[in-house]
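The values are calculated or read from the model by the stated rules, or taken from the named source; none is laboratory data. Predicted, not measured: the structure shown is a model, and the values here were computed from it. Here Cβ is always computed from backbone atoms with ideal geometry, including for glycine, and neighbour counts include all displayed protein chains. Each accessible area value is taken on the protein alone, full model and side chains, heavy atoms only, with ligands, DNA and RNA left out. Shrake-Rupley method; radii C 1.70, N 1.55, O 1.52, S 1.80 Å.
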Amino acid sequence: MYSTFPGIVDWADPVWLGYWGLDAYRGAPARRTDDAAVTPEEVASIVASGRAITTVPAIVAVPFAHLGIRAIPLTDAEPAVLELVWPEGAATPLVAALVELARVGSERDAPSTAD
């Protein structure tokens, strides 16, 4: 049995919804609540109410821990891939910091190659 995901506004990209709803994993669109959440806070409220689950990068769940929301690693789903792109020669200090954060995070989360 699959869990219910929060209902999201009808103008949200269906491919994006399918990715985060693990549609490919289950082979069908996720069952969703009748809500029409727009913001991450609205999605968190639906999840905190116990009516739904959601998938997000673990770091996204951290600010919502006070609502009783826990991040549980998905070990059998394809990982999300982050790609950063910016115009050549336009790497500001903030861009450099974001690139470094992504690099450190990807190294930390990379599968172990040790036997």
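Quick one: what pairs do we get from segment 20-42, first residue closer than 18 Å to residue 74 by Cβ, second polar (S, T, N, Q), C-beta under 6 Å, 6+ apart or different chains?
As it stands, the answer is 20/55; 31/4, since those pairs meet every condition given.
List, please: which pairs have Cβ atoms under 8 Å, are six or more places apart or on different chains, and start with a residue in segment 50-71 that is over 20 Å from residue 19 (Cα atoms) and end with one that is open to solvent by 60 Å² or more (accessible area, probe 1.4 Å)?
Once the first residue is over 20 Å from residue 19 (Cα atoms) and sits in segment 50-71, its partners that are open to solvent by 60 Å² or more (accessible area, probe 1.4 Å) give 67/45.
Any chance segment 67-74 includes a residue that's closer than 24 Å to residue 105 by Cβ, modelled with pLDDT under 90 and of a type in the set (Val, Ile, Thr)?
Scanning segment 67-74, I find at least one residue that is closer than 24 Å to residue 105 by Cβ, modelled with pLDDT under 90 and of a type in the set (Val, Ile, Thr), so the answer is yes.
Among the helices (runs of 4 or more DSSP H) contained in the chain, which hold 3 or more residues that are exposed (fewer than 12 other Cβ atoms within 10 Å of the Cβ) and on the phi < 0 side of the Ramachandran plot?
So the answer is 93-109.
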